[in-house]
Amino acid sequence: MTRYAGNAAALRALVRDQEVHRDVYVSEEVFQLEMEHMFPNSWVYVGHDSQVPNPGDYYGTTIGTQPVLLVRHTDGKVHVLHNRCPHKGTRITSETCGNTGKFFRCPYHAWSFKTDGSLLAIPLKKGYENTGFEQSHAAPGMAPVRHVRNYRGFVFAKINDGGLDFEEFFGESLSSFDNMVDRSPVGQLKVAGGVLRYMHNCNWKMLVENQTDTCHPMVAHESSAGTVVEVWKKAPPGTKKPMAVEIIAPFMSPYEFFENMGIRIWDNGHGHTGVHHSIHSDYSAVPGYFEKMKAAYGEERAKAILDENRHNTVYFPNIMIKGPIQLLRHFKPIAANKTLVESWTFQLVDAPDMLLERTLMYNRLINAPTSIVGHDDLEMYERAQEGLHSNGNEWVNLQRLYSPDEAEQTNVAVNGTSEWPMRHQFRAWTKFMTMGM
Amino acid sequence: MSMVAEAPLKNAVPTDQELIDFVVREARLIDQQRFDEWLDMYADDAFYWMPLEWNQTDPRLTCSLMYEDKLLLSIRVERLKGARTFSQKPKSRCHHVLQTPQVDSRDAAANSYVTWTAMHYVETRLEEQTLYAAWATHHLSVEDGRLKIKLKRVDLINCDAAFGNIQLFM
Ligand code: FES
Ligand SMILES: [Fe+2]
């Protein structure tokens, strides 16, 4: 039964001011429409340009559920191509990432393409003479995603021609990327350490929402962070606090901590937690780092960069970054009830190794399929995915600290336990879902 | 459930059979969820390492699934007992099938013994049952007349796959 296809009014009705209908999480039809409309209408994160440093380097990923390639063309520019052969649809690349040399060659019938996707050669080309091949869908080669933007190394793409331009879509939210990049004394990041891939049997939006959900850590993570605090209490007095305890224990901070840390709301579903401080504020200084920053930026500016303690910045639709620890989580939708979570880490070029070491420790303690903190969260998402099939109540509540005039406001800082960011994400969801319908 | 106790080493230098028995016993303690006894098999400066990369050499600047010292391992064990550990309500169970451990190296002078064990590991919770294939490398030494684990390295055959929850110990 189709309820929502071509029916913008029905889709709009799923999102109310203070609640959303469960179909946004459980309906396969709504999921398909997200893939057809919402993702193609949005600027979606593809990858980081340090993953493809040299001409011919490529990295395969997805925009929504569509396979694409990030590739460095011979002219040094980064392109995004649909990863399917124009002939029969075969995936072009064999590995997730690698170097293809000067051209791609399809492994099925050896059509070849330049690294900007354009058709280079076809074996037995004569067979296409006088067939009108030039007018075919195959003639241009591997279809490029036409709207690509590389922002300080982070590559985004928009599949549809309509929608907002890059600046309008992101607005002031780009300041979180700026802060993450500025933390390198030379203003450069490099993907490093390997990616953690964690399969979740839940809707991708549950993960996005959770990134600004500050009322759950002290409850859902009592089992992990609470145990860390308890075990650490038994350490002999004077023992140096290990990095791992510095990382996990702040999850147990009380409600006031999260209320006071603040949340900022930007346009189009973007926003961040940790306006004033965050769970990353009290990490030990890394020897030699501040000196490098001071030499690069001057003392005042270096301090300003490092005093920024933004916790989680959500970029609608499906990534979150942590500037202070150089981490990016990519929530890749697979089905209404299935999401692949990739957690990527970055090295601050020319900064001490210990920063990367801490970033990697954070990633494995919090975001790995073997992480006890991850176990706490996934249990809740899966229970919700299951519970939402109940017909007793078809609505999910997002009401906390609601104010009737909030839809018109942007770039405001509010109480850190507000569910405003979630309401805001769903306003953006409606906008990009129904755009052009 | 039988509670077979650890047999004391007969001599200062362990025999191959004693190394093998020790490794087999470790898996048994995990399967029987005797986690306090299990932790006691680890030296105070021990690490439990589960690499993320095939043939990974560096646990520090390359990410791992687990690289945990005894403090973190003991936190896991405490957490498993917790009243509000919801991801363990109901509890997971696990099952090891080991090939006979092979003694790869023995250096009595350095008090260092290394074994290599191919295994299948099953973790289950309610309807979900997942099979993992891995190799465990144990770096052992003798402390106060008892064998202790200095490093246990678990290499999954599909270490680079996307996994769901892995909640117990391989
Ligand atoms: S499918 Fe690619 S060349 Fe035929
Ligand atoms: Fe969480």
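The values are calculated or read from the model by the stated rules, or taken from the named source; none is laboratory data. Predicted model, so just to flag it, every value in this text is computed and none were measured. Cβ: placed from backbone, ideal geometry, glycine included. Neighbour counts: every protein chain shown. Side chains are part of the model used for accessible areas, which takes the heavy atoms of the whole protein and leaves out ligands, DNA and RNA. Shrake-Rupley method; radii C 1.70, N 1.55, O 1.52, S 1.80 Å.
Being among the aromatic types (Phe, Trp, Tyr) and closer than 30 Å to B:Gln167 by Cα is the requirement here; does A:Trp344 meet it? Judged against the criteria, A:Trp344 is a match. In this structure, does A:Cys202 turn out to be within 16 Å of ligand 2 (Cβ to nearest atom), open to solvent by less than 10 Å² (accessible area, probe 1.4 Å) and in a loop (DSSP other than H, G, I, E, B)? The answer is yes for A:Cys202.
Among the residues of this structure, A:Arg264 counts as one that is in a strand (DSSP E or B) and either of a type outside the set (D, E, K, R) or closer than 30 Å to A:Tyr402 by Cα (or both). With the condition kept exactly as written, say whether any residue in the range A:217-225 is open to solvent by 30 Å² or more (accessible area, probe 1.4 Å), outside any strand (DSSP E or B) and within 14 Å of chain B (Cβ to nearest Cβ). Within the range A:217-225, one or more residues are open to solvent by 30 Å² or more (accessible area, probe 1.4 Å), outside any strand (DSSP E or B) and within 14 Å of chain B (Cβ to nearest Cβ). Might you let me know whether the range A:383-401 holds any residue that is among the hydroxyl-bearing types (Ser, Thr, Tyr), open to solvent by less than 60 Å² (accessible area, probe 1.4 Å) and touching a residue at least 12 places away in the same chain (Cβ under 8 Å)? No, the conditions are met nowhere in the range A:383-401. Candidates are the residues of the range A:355-382 that are within 8 Å of chain B (Cβ to nearest Cβ) and of a type in the set (D, E, K, R); the one that is surrounded by the most Cβ atoms within 10 Å (Cβ to Cβ) is A:Arg364. Can you find a residue that is over 30 Å from A:Val314 (Cβ atoms), in contact with a strand residue (DSSP E or B) (Cβ under 7 Å, 6 or more places away or on another chain), of a type in the set (A, V, I, L, M) and away from ligand 2 (no atom under 16 Å from the Cβ) anywhere in the range A:88-97? Yes, the range A:88-97 contains a residue that is over 30 Å from A:Val314 (Cβ atoms), in contact with a strand residue (DSSP E or B) (Cβ under 7 Å, 6 or more places away or on another chain), of a type in the set (A, V, I, L, M) and away from ligand 2 (no atom under 16 Å from the Cβ).
Conditions (1) among the polar types (S, T, N, Q); (2) within 24 Å of the chain's Cα centre (by Cα); (3) open to solvent by 40 Å² or more (accessible area, probe 1.4 Å); (4) within 15 Å of ligand 2 (Cβ to nearest atom), marked per residue:
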| site | (1), (2), (3), (4) |
| --- | --- |
| A:Met206 | no, yes, no, yes |
| A:Glu209 | no, yes, no, yes |
| A:Ala244 | no, no, no, no |
| A:His272 | no, yes, no, no |
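Just wondering, is there one or more residues in the range B:116-130 that are open to solvent by less than 30 Å² (accessible area, probe 1.4 Å), under 14 Å from the mean Cα position of the chain (by Cα), within 14 Å of another protein chain (Cβ to nearest Cβ) and among the aliphatic types (A, V, I, L, M)? Looking for residues that are open to solvent by less than 30 Å² (accessible area, probe 1.4 Å), under 14 Å from the mean Cα position of the chain (by Cα), within 14 Å of another protein chain (Cβ to nearest Cβ) and among the aliphatic types (A, V, I, L, M), one finds none in the range B:116-130, hence no. Take the conditions (1) in a loop (DSSP other than H, G, I, E, B); (2) over 19 Å from A:His272 (Cβ atoms); A:Gly416 misses just one of them, which is (2).
Of the candidates B:Ala12, B:Ala7, the single residue that is without any contact (Cβ under 8 Å) to a residue 24 or more places away in the chain, more than 29 Å from B:Gln129 (Cβ to Cβ) and open to solvent by 40 Å² or more (accessible area, probe 1.4 Å) is B:Ala7. The single condition from (1) more than 25 Å from the chain's Cα centre (by Cα); (2) open to solvent by less than 20 Å² (accessible area, probe 1.4 Å) that A:Met261 fails is (1).
Taking the range B:79-101 only, how many residues are open to solvent by 90 Å² or more (accessible area, probe 1.4 Å) and touching a strand residue (DSSP E or B) at 6+ places or on another chain (Cβ under 6 Å)? Residues in the range B:79-101 being open to solvent by 90 Å² or more (accessible area, probe 1.4 Å) and touching a strand residue (DSSP E or B) at 6+ places or on another chain (Cβ under 6 Å): 3 in total. Counting only strands (runs of 3 or more DSSP E) that sit wholly inside the range A:69-167, those with at least 1 residues that are open to solvent by 30 Å² or more (accessible area, probe 1.4 Å) and either away from chain B (no Cβ under 14 Å) or within 13 Å of ligand 1 (Cβ to nearest atom) (or both) are A:78-82, A:97-99, A:103-105, A:112-114, A:119-121, A:147-151. Listed by position, the helices (runs of 4 or more DSSP H) contained in the range B:1-111 that have at least 2 residues being away from chain A (no Cβ under 13 Å) and either among the acidic types (Asp, Glu) or more than 30 Å from A:Asp377 (Cα to Cα) (or both) are B:16-31, B:35-39. Count of the range A:1-29 residues, restricted to those that are of a type outside the set (A, V, I, L, M, F, W, C), open to solvent by 50 Å² or more (accessible area, probe 1.4 Å) and part of a helix (DSSP H, G or I), is 2. Out of all the residues in the range B:141-150, which are open to solvent by 40 Å² or more (accessible area, probe 1.4 Å) and part of a strand (DSSP E or B)? Passing the criteria: B:Glu143, B:Arg146, B:Lys150.
Residue-level check: of (1) over 23 Å from A:Tyr362 (Cβ atoms); (2) touching a helix residue (DSSP H, G or I) at 6+ places or on another chain (Cβ under 8 Å), B:Asp40 misses just (2).
Residues of the range A:171-199 that are of a type in the set (A, V, I, L, M, F, W, C), surrounded by 22 or more Cβ atoms within 10 Å (Cβ to Cβ) and closer than 29 Å to A:Glu379 by Cα: A:Leu196 alone.
Restricting the search to strands (runs of 3 or more DSSP E) fully inside the range A:292-350 and requiring at least 2 residues that are in contact (Cβ under 8 Å) with a residue 40 or more places away in the chain and of a type in the set (Ser, Thr, Tyr) gives A:313-315, A:338-348.
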